[in-house]
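Reviewing the structure listed below.
The values are calculated or read from the model by the stated rules, or taken from the named source; none is laboratory data. What you see is a predicted model; the values in this text were computed from it and never measured. Cβ placement follows ideal geometry from the backbone for every residue including glycine, while neighbour counts extend to all protein chains displayed. These area figures cover heavy atoms from the full protein model, side chains too; ligands, DNA and RNA do not enter into them. Shrake-Rupley method; radii C 1.70, N 1.55, O 1.52, S 1.80 Å.
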Amino acid sequence: MKKYVYNFKEGKASMKDLLGGKGANLAEMSNIGLPVPPGFTITTEACNEYYNQGEQIWSELNDEIFSKLKDLEAATGKTFGGGSNPLLVSVRSGAKFSMPGMMDTILNLGLNDEVVETVKNNTGNERFALDSYRRFIQMFSDVVMEIPKPRFEKILDAIKEEKHVKYDTDLTASDLKDVVERFKDLYKKEKGESFPQNPREQLLHSVTAVFRSWNNERAIIYRAMNNIPGNLGTAVNIQSMVFGNMGNDCGTGVAFTRNPSTGERKLYGEFLMNAQGEDVVAGVRTPQTIDKLGEINKEVYDQFVSVANLLEDHYRDMQDIEFTIEKGKLFMLQTRNGKRTAAATLRVAVELVEEGKLSKEEAVMRVDPMQLDQLLHPNFDTEALKKATSIAKGLPASPGAASGKVYFTAAAAVHAGKNGEKVVLVRQETSPEDIEGMIESQGILTARGGMTSHAAVVARGMGKCCVAGCEDIKVNEDAKQFSIGSKIYNEGDLISINGSTGHVYEGVIATKTPEMSGHFGTLMAWADDVRKLKVRTNADTPKDAQQAVKFGAEGIGLCRTEHMFFDEDRIPAVREMIISETLEERKVALVKLLPMQREDFVGIFEAMEARPVTIRLLDPPLHEFLPHADEDIKELAKTMGIEFETLKERVESLHEFNPMLGHRGCRLAVTYPELAEMQARAIIEAAVYVKKNKGIDVHPEIMIPLVGDVKELTYIEKIVRETADKIIADSGIKLEYMYGTMIEVPRGAVTADEIAKSAEFFSFGTNDLTQMTYGFSRDDAGKFIKEYVNKGIFEQDPFQTLDQNGVGKLIKLAVELGRKVRPEIKLGICGEHGGDPASIEFCHKAGLNYVSCSPFRVPIARLAAAQANIKDKMGEYSQK
Ligand code: PEP
Ligand code: MG
């Protein structure tokens, strides 16, 4: 028969899957001889089986629980539910990953009207007995029976007021008797029956409540937010009670072995005398700092300090510890690796190495790469944020914090920004035309679009805060308003957005620029020593490129040339080129664009110095560059000296039903080879110039987007090579460049062997590859993918974390086919996945040479790449 219940002595720290984090650590502490009150753990498998059995505790589990309870009675010499020495227990949930707020603890279980009398007589402490009983009634009613806690608190407050006392510790035994009676009355009123007097029934109800809590709304949301699978289940810990509320020689507290905000090596915690656990967090009395415990009871304090040190050494990590003091004796109730800020994470990891407790590689493994985000962007001040109320929530598309006045068009945002106002650009969704408005804004909020929508990608690229796909808001750009329910926000109203959580707030919230301490640099250097994957950046401007280099970028993996076309001074020439009806006309426009493009590339080559730079030829559908409103068309017609109607017709003729699958990517170069020629010329002339004049050994890589057939690539190769080779030959210097392609169309992946005959490198464009493999529009998928994730159909949004089973297979196939034909082929990724740690691990395993991501993700990618290699090495060791 399967075992579902484990005594603390039977478990250990490594059994977290089965016993949950709390249970596994209680077992570990018991086994290393620390003072842990005895108890047992009902496994996470039991929780899953509870659901399989139609949410019932089946009879074998029932028997196993009560048999373990018998052992507990024997171990403590107490009897559950009565007798002369009654056993009281706590019941606490504990999943593999700590999920704060999933379920509260139930203390003092086993009390009823009779048992409370025995406790009173045995301890000679009526006040304590009644205090424990009133706490139990409230916790059981709240946590198990779902009677709202404030209803109990109201009664307690009323009695305190009647008795003219401030603290619950000031209530006498007879006051507490009154509290108990009123609590029981409330229970009866709410539930239509008396408070359960049978402790076995109380216990089973509580176990069931813990199992149920696994699927309560808070828990589901928490799991979704933290990528915790829904099928893990929670364990239930049942532990004999020790009491911190028996008098002034008793108390309870929580402490971290290091400061969780800064990482400083110093015990950091709080305690309350004559109290039970929930009082410390509930704020009914102000707890004292942990060092004051030394003044109250030096012996217990010293013992606590040595246990805390022992636990930290044992787990080799900062611990978050709960303890209780019963009549001057210390008991440990929980330990776990403490949650901490990013700054603290780095400091603790680095100092543990310096203290000789961790290896450098272990320290590198200790830091969650995504946590580095906190260090790279300005964030809301924690205290100010606590006081703010969220009014809406969207996708945390680009981390950081922004407060400012709402503007609804890029033009208005630019105008306000230039006037020195702080701006939050609010749009239904953004398009490339909004780029200047985005640059001028502190943050961007969109009602539509997912994590790879235009707003999200561009904002991340700029390191600018963005909340995308915020469906709670209804945007009316014409009326210059957005609404949330019936509340309307107008142009100029102040809002704040948190790109790290997706929350939107009313008004301004103070921000703080995080400090990059020396620990950051130290840990990143260790990471660089161990990674195999190179890390490049997606950058389109010298400024972004410089930022990325500061963050450690080793090259540019994707320079999207279209972003350069939107500048105010060049959009007229771009429009002229598109509108041109003849080759001659188009060439006139291209001649105007050439020097501007060349100048862009000179800037980028200089910023990147000798690092490789991949420049992609024009990719998006041309009509994105065109004006759509009549007024704009009129204005353009005037500047171009053509009739409004003619221009309008031409714009309309460029309309596409499905532009993402339309006239874009390499198809543009096939129809307008002169465009590819101009871009190749701009790139190579810039490279020659920088090499000749600045002495920088430039390495341009010309990349063709959206290739599905090698013939597309060879057609364009001829144009590019003829142009480039001639310029180089004429320059009289030696310059090497590469010609390659993006693999972002499934056909391109499956024919990669053919494509590799022309391409010297592949860069996986996993945004489009995901879009086309799934057939999900990357701009619209945000709407329904949320549901896929909520319903467990997808574990993650495939536009954020690479779908390894599908898209990943195409990548592996393309790698294999490409290398077969061209063993030295250079392989990278430049879709958004290039900055996602799980996807980076995949890229490492798939044998890519580099990942490329937005500048602010570069440190994250460096760390994730190091972790991928360490895991890989560990895997090799464990196989040996
Ligand atoms: C991609 O498709 O993954 C890519 C990087 O190109 P873009 O996002 O510009 O389409
Ligand atoms: Mg693409």
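Skipping prolines and chain starts, which residues have an amide H placed within reach, meaning under 5 Å, of the one on residue 616, given they are 5 or more residues away or on another chain? Distant-sequence amide H within range of residue 616: 559, 561, 703. The heavy atoms of residue 291 present about 80 square angstrom of accessible area, all protein chains included, probe 1.4 Å. Taking square-rooted eigenvalues a ≥ b ≥ c of the alpha carbon gyration tensor, is the range 100-205 rounded, prolate or oblate, where a/c under 1.5 means rounded and, failing that, a/b exceeding b/c means prolate? Since a/c reaches 1.5 but b/c is at least a/b, the shape of the range 100-205 is classed as oblate.
Relative contact order, whole percent, for the range 216-372 stands at 23, derived from Cα pairs under 8 Å and 6 or more residues apart. Derived scalar couplings between HN and Hα for the range 178-183 equal 4, 4, 4, 4, 5, 4 Hz in order, rounded to whole Hz, by the Karplus curve 6.51 cos²θ - 1.76 cosθ + 1.60 (θ = phi - 60°), x for Gly and Pro. Overall size of the range 614-727 from C-alpha positions, given as principal axis extents largest first: 49, 35, 19 Å. Once the Cα atoms are used to define both axes, helix 858-879 deviates from the longest principal axis of the chain by about 70 degrees. Helix 149-162 axis versus longest C-alpha principal axis of the chain: approximately 50°, rounded to the nearest ten. By definition, a body whose alpha carbon gyration tensor gives a ≥ b ≥ c is prolate when a/c is 1.5 or more and a/b is larger than b/c, and the chain fits this prolate description.
Sequentially through the range 664-672, phi angles give Karplus couplings (6.51, -1.76, 1.60; θ = phi - 60°) of 8, x, 5, 4, 5, 5, 5, 7, 10 Hz, Gly and Pro residues having no value and appearing as x. Could you please state, rounded to a whole Å, how far the C-alpha centre of the range 200-232 is from the C-alpha centre of the range 728-767? Using only Cα atoms to place each centre, the spacing works out to 51 Å.
Rounded to the nearest 20 debye, the dipole magnitude of the range 435-515 is 200 debye, with +1 charges on Lys and Arg beta carbons, -1 on Asp and Glu beta carbons, and the Cα centre as origin.
Per the Debye formula on identical point scatterers at the alpha carbon atoms of the range 51-133, with no solvent, log10 I(q)/I(0) at q = 0.14, 0.16, 0.20 Å⁻¹ is -0.65, -0.80, -1.03.
For the range 311-456, the square roots a ≥ b ≥ c of the C-alpha gyration tensor eigenvalues yield an a/c of 1.5 or more together with a/b exceeding b/c, which makes the shape prolate. Taking only protein heavy atoms and a 1.4 Å probe, the accessible area of the chain is 49% carbon and sulfur. Only alpha carbons enter this Debye calculation for the range 478-576, each as an equal point scatterer, and the log10 of I(q)/I(0) it gives at q = 0.15, 0.17, 0.18 Å⁻¹ is -1.00, -1.03, -1.04. The separation of the range 379-425 from the range 263-332, counted between C-alpha centres, amounts to 41 Å. Taking all protein chains as shown and a probe of 1.4 angstrom, residue 123 keeps an accessible surface of around 50 Å².
Across the range 127-193, C-alpha contacts under 8 Å between residues 6 or more apart give a mean separation that, scaled by the residue count, equals a relative contact order of 46 percent.
Think of the range 403-520 as a dipole: +1 on every Lys or Arg Cβ, -1 on every Asp or Glu Cβ, centred on the Cα centre; then among 457, 505, 414, 505 lies furthest on the positive end.
Per residue, the average separation of C-alpha pairs within less than 8 Å and at least 6 apart gives the chain a relative contact order of 9 percent. Each of 573, 731, 804 was scored by the projection of its Cα onto the charge dipole of the chain, and the greatest displacement toward the positive side belongs to 804; charges sit on the C-beta of Lys, Arg, Asp and Glu. With only Lys, Arg, Asp and Glu charged, each at its Cβ (+1 for the first two, -1 for the last two), find how big the charge dipole of the range 25-135 is about the Cα centre; round to the nearest 20 debye. Its charge dipole is roughly 440 debye. Calculated from the alpha-carbon coordinates, the range 755-843 shows an Rg and a Dmax of 14.1, 44 Å respectively. Amide hydrogen proximity for residue 79: with H placed 1.01 Å from N in the peptide plane, the residues at 5 or more positions away or on another chain lying under 5 Å are 85, 87.
Its residue count N sets the reference 2.2 N^0.38 Å, and the alpha-carbon radius of gyration of the range 6-153 equals 1.12 times that reference.
Treating only the Cβ of Lys, Arg, Asp and Glu as charged (+1, +1, -1, -1), what charge dipole size does the chain show about its Cα centre? Round to the nearest 20 debye.
Details: 109 positive and 129 negative charges, 357 e Å.
Charge dipole, the chain, about its Cα centre: 1720 debye, nearest 20.
Accessible area per residue, 1.4 Å probe, Å², for the chain: what's the number?
42
Summarising the amide proton neighbourhood of residue 743: residues at separation of 5 or more, or on other chains, whose placed amide H is nearer than 5 Å comprise 763, 764, 765.
Converting phi to 3J(HN,Hα) with the Karplus coefficients 6.51, -1.76 and 1.60 and the offset θ = phi - 60°, the range 247-263 yields x, 7, 9, 10, x, 8, x, 10, 8, 9, 6, 9, 5, x, 8, 10, x Hz in sequence order, with x at every glycine or proline. Ranked by solvent-accessible area (1.4 Å probe, protein heavy atoms only, all chains present), the residues 30, 261, 84 order from largest to smallest as 84, 261, 30. Toward the positive end of the charge dipole of the range 1-134, with +1 on the Cβ of Lys and Arg and -1 on the Cβ of Asp and Glu, the farthest Cα among 67, 26, 106 is that of 26.
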